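A short write-up of the structure that comes next.
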Amino acid sequence: MLAFLRGTIRATFSDSVIVEVANLGYRVHLPSTLRERLRVGESVEFYTHEVIRDDRRELFGVASDDALGLFHDLIGVSGVGPKSAIGMLALGSPGEIRRAIAREDVAYLSKVVGIGRKTAERVVLDLKGKMQERIALAPVTDDGAPADDHEDLLAALAQLGYKVQEIREVIRKMPEEATTTEAKLKVALRALARPS
């Protein structure tokens, strides 16, 4: 099962791109908001989900492990397939989509082609509690706005047993040069290991 790709864009289509990796071309279906920003020749990396059926194999890609986690939540809902889930990820950031589910914003969720009102209501019914829990733990910026770009870091540190308040304090002091989750995690663990 392919879980991650790093390569070069070789072609773009209305619903996907071809990524060259070690002289092999992989067709990857992407959220439209991500796909529209990509250009041929650009270096890219995607977190992926592979679907294998009797008659075909399909690869779906997103920009972060946080988005991939939300993608997996969405395809776990009856009636939401991978193409519909990828479509939903084009609605906004993972945090924005989680907040829409938590506040039962069916109109927002049903803007996606292939997601009718009933399916959007099922997404809310199945995922509302999980999304509310995730939002309650989510870090905020100094002005109180949700810090979407740190959600994956929060999840990793929470799993390691750190308290939300101490995680938020570390995130507020995160240096701008720490841009990847791995770099942020290293900075955070060093800060959390220091005695208060």
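Assorted remarks:
- Pairwise centroid distance, computed over Cα atoms, of the range 103-137 with the range 1-64, Å: 26
- Relative contact order of the chain, pairs being alpha-carbon contacts under 8 Å that are 6 or more residues apart, as %: 13
- Principal-axis tilt of helix 181-193 within the chain, Cα atoms, nearest 10 degrees: 20
- Cross-link partners for Lys173 among the lysines, with Cα-Cα distance under 24 Å and sequence neighbours closer than 8 places in the same chain left out: Lys163, Lys184, Lys186.
- q = 0.16, 0.18, 0.19 Å⁻¹, the chain: log10 I(q)/I(0) [Debye, one scatterer per Cα]: -1.09, -1.25, -1.31
- Candidate lysines for bridging to Lys111, where Cα separation is under 29 Å - those fewer than 8 sequence places away on the same chain excluded: Lys83, Lys128, Lys130
- Dimensionless Rg ratio for the range 65-136, taking C-alpha atoms and the 2.2 N^0.38 Å reference: 0.93
- Sites matching chymotrypsin sites (Phe, Trp or Tyr not before Pro) across the range 1-99 that sit in DSSP coil, with at most 12 neighbouring C-beta atoms within 10 Å: Phe13
- For the chain, the longest site-free run once trypsin sites (Lys or Arg not before Pro) in DSSP loop states with at most 14 other Cβ atoms within 10 Å are removed: 112-162
Where a number appears in this text, it was derived from the coordinates with a stated rule and is not lab data. Just so we're clear, the structure is a prediction, and the values are computed from it rather than from any experiment. Don't worry about glycine lacking a Cβ; one is built from the backbone with ideal geometry, like all the others, and counts go over all protein chains shown.
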